[in-house]
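A.B. asks: Just passing along the structure, written as structure tokens.
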Amino acid sequence: MDHGSEILPARTSNVGSMTVRRALPQRTRRTVGAWCFVDHMGPVAIGSTAPAGVGVHPHIGLQTVTWLRAGELLHRDSLGSEQVIRPGQVNLMTAGRGVAHAEEPTASRGDLHGVQFWIAQPEHARHGAPAFAHHAALPVVTLGHAEVTVLAGTCAGVRAPAEVATELVGIDLALRRGTTVVPLDERFEHALVVLEGAVRVRGLDDAVITPGRLAYLGLGAAEVALEVGEDAAAVLVGGVPFEAPVTMWWNFVGRTRPEIETARADWAAAAPRFGALVSPLGRIDAPELPWASGR
Ligand code: MN
């Protein structure tokens with residue numbers, strides 16, 4: 001496998017009270033297909049420090065895909081949605097022109113472990129209405145030594161219920177000892193993020209990927225062989241290379257700085273585009289822009 005593959009380090013970031021490994025975006029690689037953000041949270045003991053979760057904040061131009069391997073979170077948003085998510089389920093929030101939400105702790109104890117992905121919305125969808133969907137049951141397929149849960153798109157002929165606007169795939173892999181060959185769509189570029197354990201990627205210099213790194217598998221691969229010596233967990237994302245470069249800042253995905261500046265000002269002014277939501281975790285103000293505004 002070459003296909004322009006490479007291994008990139010994730011960086012550590014703070015989301016609410018949680019420390020996360022941010023595998024995407026990368027400075028040199030903003031998107032993989034339409035996937036523009038991959039945050040790996042935990043495993044962290046709930047209640048060990050501050051409560052897990054994040055206060056009310058806005059989004060534009062993206063879909064959030066929340067996937068838990070352990071624990072629970074309560075999703076609430078300005079559309080009136082109120083939904084506990086548990087392992088094996090997906091919460092899919094579509095921001096479009098604007099939405100606000102919070103992720104709050106529940107009474108559950110134990111570890112919290114999961115991933116939040118963002119999918120950049122294409123031009124034809126990104127100015128549309130916000131929406132929320134909860135998928136309580138997802139398709140699971142056995143592939144080699146792996147149990148594969150299809151979070152979005154299609155894998156091995158099995159399609160996830162999540163409604164997305166571009167051709168893409170997102171899967172969770174529970175890997176057992178041995179080598180598992182995962183079929184890939186050759187029209188896609190793909191990347192692998194390991195959540196637990198160590199995964200050897202055949203062909204990618206046989207590199208062993210561990211949590212905190214992103215293995216970019218490149219464009220055009222027909223399959224990837226993953227070898228593990230002990231149980232491991234990973235997520236794989238892919239898609240048709242995105243239609244345009246994205247401008248991402250804070251919780252906003254757009255195309256230009258002025259539209260990001262407008263979204264920031266609208267959030268500061270509590271503009272109707274984001275709706276209204278109150279959370280015990282409070283409301284999060286946008287940070288200062290890293291560039292001079294008014295350009
Ligand atoms: Mn969010």
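A.B. asks: Take the residues in the range 49-62 that are part of a strand (DSSP E or B) and farther than 18 Å from residue 20 by Cβ; name whichever of them is farthest from the ligand (Cβ to nearest atom).
C.D. replies: 60
A.B. asks: On to the next question. Just to be sure I understand the filter: pairs with C-beta atoms under 7 Å, separated by 6 or more residues or on different chains, first member in the range 7-32 and under 20 Å from residue 170 (Cβ atoms), second member loosely packed, with under 13 Cβ neighbours inside 10 Å and among the polar types (S, T, N, Q). Which pairs pass?
C.D. replies: 20/13; 21/12; 22/13
A.B. asks: What are the residues in the range 63-96 that are away from the ligand (no atom under 15 Å from the Cβ), touching a Lys or Arg at 6+ places or on another chain (Cβ under 7 Å) and part of a loop (DSSP other than H, G, I, E, B), if any?
C.D. replies: If the condition is that a residue be away from the ligand (no atom under 15 Å from the Cβ), touching a Lys or Arg at 6+ places or on another chain (Cβ under 7 Å) and part of a loop (DSSP other than H, G, I, E, B), then 72, 87 are the ones that fit.
A.B. asks: Also, quick follow-up: Given the structure, is residue 162 part of a strand (DSSP E or B), surrounded by fewer than 22 Cβ atoms within 10 Å (Cβ to Cβ) and either among the small types (Gly, Ala, Ser) or out of contact with any Ser or Thr (no Cβ under 7 Å at 6 or more places or on another chain) (or both)? Outline the logic, then answer.
C.D. replies: Details: part of a strand (DSSP E or B): no; surrounded by fewer than 22 Cβ atoms within 10 Å (Cβ to Cβ): yes; either among the small types (Gly, Ala, Ser) or out of contact with any Ser or Thr (no Cβ under 7 Å at 6 or more places or on another chain) (or both): yes.
Taking the combined requirement at face value, the residue does not satisfy it.
A.B. asks: Here's a follow-up. I'm checking my understanding of the structure. Among residues of the range 21-38 that are over 12 Å from the mean Cα position of the chain (by Cα) and in a strand (DSSP E or B), which one is surrounded by the fewest Cβ atoms within 10 Å (Cβ to Cβ)? Let's see the steps before the verdict.
C.D. replies: Here is the first cut: in the range 21-38, the ones over 12 Å from the mean Cα position of the chain (by Cα) are 26-30, 33.
Of the ones still in play, those that are also in a strand (DSSP E or B) are 26, 29.
Working: 26: 19, 29: 15.
The qualifying residue surrounded by the fewest Cβ atoms within 10 Å (Cβ to Cβ) is 29.
A.B. asks: Could you list, in sequence order, the residues of the range 1-55 that are under 22 Å from residue 242 (Cβ atoms), modelled with pLDDT under 90 and not small (Gly, Ala, Ser)?
C.D. replies: Within the range 1-55, 1, 2, 3 meet the criteria.
A.B. asks: Okay, next question. Answer yes or no as to whether residue 68 is touching a Pro at 6+ places or on another chain (Cβ under 6 Å) and buried (at least 21 other Cβ atoms within 10 Å of the Cβ).
C.D. replies: Values: touching a Pro at 6+ places or on another chain (Cβ under 6 Å): yes; buried (at least 21 other Cβ atoms within 10 Å of the Cβ): yes.
Judged against the criteria, residue 68 is a match.
A.B. asks: Filter the range 256-270 down to the residues that are closer than 15 Å to residue 95 by Cα and surrounded by fewer than 20 Cβ atoms within 10 Å (Cβ to Cβ), then identify the one that is nearest to the ligand (Cβ to nearest atom).
C.D. replies: Among those residues, the one meeting the criterion is 266.
A.B. asks: Residues that are within 16 Å of the ligand (Cβ to nearest atom) and surrounded by fewer than 17 Cβ atoms within 10 Å (Cβ to Cβ): does the range 140-159 have at least one?
C.D. replies: no
A.B. asks: Return the residue satisfying two criteria in turn: it lies in the range 180-205 and is in contact with a His (Cβ under 7 Å, 6 or more places away or on another chain) and part of a strand (DSSP E or B), and of such residues it is farthest from residue 8 (Cα to Cα).
C.D. replies: 180
A.B. asks: Take the residues in the range 211-239 that are β-branched (Val, Ile, Thr) and under 17 Å from residue 170 (Cβ atoms), then tell me which one is surrounded by the most Cβ atoms within 10 Å (Cβ to Cβ).
C.D. replies: Result: 237.
A.B. asks: Among the listed residues 234, 276, 263, identify the single one that is in a strand (DSSP E or B) and within 28 Å of residue 53 (Cβ to Cβ).
C.D. replies: Matching residue, one of 234, 276, 263: 234.
A.B. asks: Determine whether residue 3 is closer than 22 Å to residue 284 by Cα and touching a residue at least 40 places away in the same chain (Cβ under 8 Å).
C.D. replies: It is false that residue 3 is closer than 22 Å to residue 284 by Cα and touching a residue at least 40 places away in the same chain (Cβ under 8 Å).
A.B. asks: Sticking with this one: Look through the range 97-120, keep the residues that are more than 14 Å from the ligand (Cβ to nearest atom) and assigned to a loop (DSSP other than H, G, I, E, B), and return whichever of them is nearest to residue 284 (Cα to Cα).
C.D. replies: Checking each candidate, the answer is 105.
The values are calculated or read from the model by the stated rules, or taken from the named source; none is laboratory data. None of these values were measured; they are calculated from a predicted model. Positions of Cβ are generated from backbone atoms using ideal geometry, with glycine treated the same way; all protein chains shown enter the neighbour counts.
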